[in-house]
Amino acid sequence: MSSSPTKADRLSRNQLGLPQIVASTLANIAPAVSFYFGFGLIVGGAGVAAPLTIIVAMISILFLGNTLAEFSKYRPSTGSFVTFIGMGLGPTAGAAASIFTVCGYAVAAAAIVAISGGWAHDTIKLFLGVNIPWQILSIAATVICAFLVSRGVKISTTWAAIFFYFELTLLLIGAVVMLVVNRGSLSWAPFSPAHLSGGLAGIGLGFPLAVYSFVGWENSATLAEETANPRKNIPKALMAGTVAIGIVYVFLAYSTEIAFHNNATAIGNSSIPYIDAIKSSAPALLFVAYLAGVTSIFSCLLGLTNSQARILFSAGREGLLPKFFGKIHPQHKTPHVAMWAYISAALVITLLCWNLDPVTIFGETGTLGTIPIILVYLITTIALPAYILRFHKEDFSIIRHGVIPALGVLLTLFPLWGLVQPGQPAPYNIYPMATGIGLVLAIIYGVILAKRAPDLVRRIGSYVADEEY
């Protein structure tokens, strides 16, 4: 691999505009799946005023979004977190972040691969009476997704957007029907702090799960090289996507609580509150709710593979990971090797849990993968002021590069503590130690690579999205 960037190493320019990268981000977040499986747990922690927890989580994500937005203004990069950590904290940190980030995302992606087959299995069995093994459906969904993303970023992003907006329409139809049918229960209780379980402490109890439901907000940053005017459009997409999904979640949360007549206990006891709310409010729309889940999962697979595989690609291209991950398809100009490797790894992780049910795999791999992801959020936020002071000292802003990142770090510690605190049931109790071991190994890898490749400091961040070579 050449130590200097060339045009042959570049992805296709100007393939995506602001609407496309916002849609890809929203698809990656997968509101139906996140809300279906997370809202009951959020209510269990926060009580009836769970929407307030969602609003606080959205604000915390906006603080984190400021970090990627600021980095993207100066150095938009497909490497996203890895590039930004490497530029701010040095080559050892960048090399360690490359393997740590990719592994975390691959484990978290296994949750979506598993639930893609599980949800499709339940939907087909419930409405058609056909029993297809969920593992077969997960394999099929993975192959179709990988084929689409390898054909081109424009076509795969377009399909992700189509599935997402179809999903969103179905969700909103169901939510509006809930409000109409249960209009006698309309109240402001879900937005009253007085209805938080245990007062303000209730926000903290539901906060980690609420933040988890936003994972994917960072999707657009990795599409920088293929986005028109990335220095302006990436920051806009990061903020717009977070606010938009926050509004959707709050509306879905309010509608679901009204359908349950603000009964937090009943919501907490429901495995999928939105589905149960549809059953009680408008049984004829049950198929619509299940179909929203199917489209949500598939759009999420497309979005996360497009986005997260590009981090692996960028790390290979810059020499942080094996070079073959940095290969570009000569015709489609996609990082096809990284894409197939990434989604295949997620599928293998899923199939290693063959004997577990998909919902269990979803919860366990989702949790295990999220711990390193949130750590990466935290480290990237710390890297921002270091990068600005190192390379753009004259632009340093105490608010944008000091206060907001500090608040982002503090708010990130809440969901992180919720995932690593002692006393959790097995197997969740071993995940913090497993992540810690992974982090130590990643740091060792970073130290060794930095010593073996003295030019690594020059290679990290050398592919700036909108610069010509």
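Report whether or not S271 is modelled with pLDDT under 95 and either aliphatic (A, V, I, L, M) or out of contact with any Gly (no Cβ under 6 Å at 6 or more places or on another chain) (or both).
yes
Could you tell me whether any residue of region 327-350 is modelled with pLDDT of 95 or more, over 30 Å from S12 (Cβ atoms), surrounded by fewer than 18 Cβ atoms within 10 Å (Cβ to Cβ) and not basic (K, R)?
No; the residues of region 327-350 include none that is modelled with pLDDT of 95 or more, over 30 Å from S12 (Cβ atoms), surrounded by fewer than 18 Cβ atoms within 10 Å (Cβ to Cβ) and not basic (K, R).
What residue, among those in region 245-271 that are under 22 Å from the mean Cα position of the chain (by Cα) and buried (at least 18 other Cβ atoms within 10 Å of the Cβ), is farthest from V22 (Cα to Cα)?
A253
Can you run down the residue pairs with Cβ atoms below 7 Å, 6 or more apart or on separate chains, where the first is in region 393-417 and in a loop (DSSP other than H, G, I, E, B) and the partner is surrounded by fewer than 17 Cβ atoms within 10 Å (Cβ to Cβ)?
That search, which allows pairs on different chains as well, returns F396/L389.
Sort out which residues of region 204-218 are assigned to a helix (DSSP H, G or I) and closer than 11 Å to S60 by Cβ, and write them in order of number.
Of everything in region 204-218, those that are assigned to a helix (DSSP H, G or I) and closer than 11 Å to S60 by Cβ turn out to be F207, P208, A210, V211.
Would you mind finding the one in A106, A140 that is at pLDDT 95 or above and surrounded by 15 or more Cβ atoms within 10 Å (Cβ to Cβ)?
It is A106.
Looking at region 12-35 only, could you name the residues that are more than 14 Å from the chain's Cα centre (by Cα) and surrounded by fewer than 24 Cβ atoms within 10 Å (Cβ to Cβ)?
Answer for region 12-35, where residues must be more than 14 Å from the chain's Cα centre (by Cα) and surrounded by fewer than 24 Cβ atoms within 10 Å (Cβ to Cβ): S12, R13, N14, Q15, G17, L18, P19, Q20.
List the residue pairs whose Cβ atoms are under 8 Å apart, where the first residue sits in region 177-193 and is modelled with pLDDT of 95 or more and loosely packed, with under 15 Cβ neighbours inside 10 Å, the second is among the small types (G, A, S) and in a helix (DSSP H, G or I), and the two are 6 or more positions apart or on different chains.
none
List, please: which pairs have Cβ atoms under 7 Å, are six or more places apart or on different chains, and start with a residue in region 297-318 that is free of Cβ contacts under 8 Å to residues at least 24 places away in the same chain and end with one that is crowded, with 24+ Cβ neighbours inside 10 Å?
Close Cβ pairs satisfying both conditions: G316/A338.
A221 - would you say it is assigned to a helix (DSSP H, G or I), modelled with pLDDT of 90 or more and of a type in the set (G, A, S)?
Yes.
The values are calculated or read from the model by the stated rules, or taken from the named source; none is laboratory data. In this text the structure is predicted, and so the values were computed from the model without any measurement. No Cβ is skipped: glycine too gets one built from the backbone with ideal geometry, and neighbour counts run over all protein chains shown.
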